[in-house]
Amino acid sequence: MSELPETSGAARPRGAGPARPSGTSQAPPVDASPRAIGVSLAIAVGTALLGLAAGYVWSLVAPRALLVIVSHGEASLVQAETSAFIVADYAFSLIALAGGAVSGVLGYLLGVRRYGPLPMAGVLAGAVAAGYLARWIGEQSGLAGFHHLLATLPAGAHLHDSLTLRATGAIAFWPLAAGLVAGGLEAFRTRGRRRGAAGQPALGSRTG
């Protein structure tokens, strides 16, 4: 009685899925350890606090339109085509881009490089909060004094307008810059690792 030829490779149990091709790797699991969670929260909070400082800087450097009191509690622009509003929006956009880049680098170095996706979520969440906080701090700075002058100055007196972000979409520049910088650094590191692994000789390829 002739024997059946043996099949190459190890026998696979019934019901097993298709064999995974050699050389493929699964995505690493998300690190949800207490330390990774703590680092992620710290990154989010620290980024939000950076937004507070950015809002204060914006209130210092952004120009404000000049107003003239026309009646009690009412004022109008001295120059109707003033560029103060546009320049203030540009200043906020630049500050948001710079803040996003800084928070992206720090978030990557302090968390993303070691713990992966969870700190990256902290970078993005903190960046969104930072953008809104920067706007809020900048607009609130000097607002009480503006309303006081508006209510007490006589007609014909001049004062500077309160600061307002008209291009509200500029808030998105902070998380956009943070995500691009942190993600770009991580992609660059991953690419370098893959190139290094591809350059290593396979096991058993050396001749004795």
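Cα centroid separation, the range 110-162 to the range 41-105: 7 Å.
Label point of THR190 set 7 angstrom out along Cα-Cβ; within the range 96-127, amide nitrogens under 20 Å from it belong to 104-125. How would the range 121-177 be classified by its alpha-carbon gyration tensor: rounded, prolate or oblate, with rounded meaning a/c under 1.5 and the a/b versus b/c comparison settling the rest? Here the range 121-177 falls in the prolate category. Take the Cα of ALA80, step 7 Å toward its Cβ, do the same at THR164, and the gap between the two points is 1.7 nm.
Once both labels are positioned 7 Å from their Cα atoms along Cα-to-Cβ, the gap between GLU139 and ALA155 label points is 3.1 nm. Based on the Cβ-Cβ distance of HIS148 and VAL87, what FRET efficiency does E = 1/(1 + (r/R0)^6) give at R0 = 22 Å, to the nearest 0.05? In this case the efficiency is close to 0.30.
Bear in mind these aren't lab numbers, they're just calculated from the coordinates by the rules spelled out. The shown structure was predicted, so the numbers you read here are calculated from the model rather than taken from an experiment. Note that each Cβ is placed from the backbone with ideal geometry, even for glycine, and that neighbours are counted across all protein chains shown.
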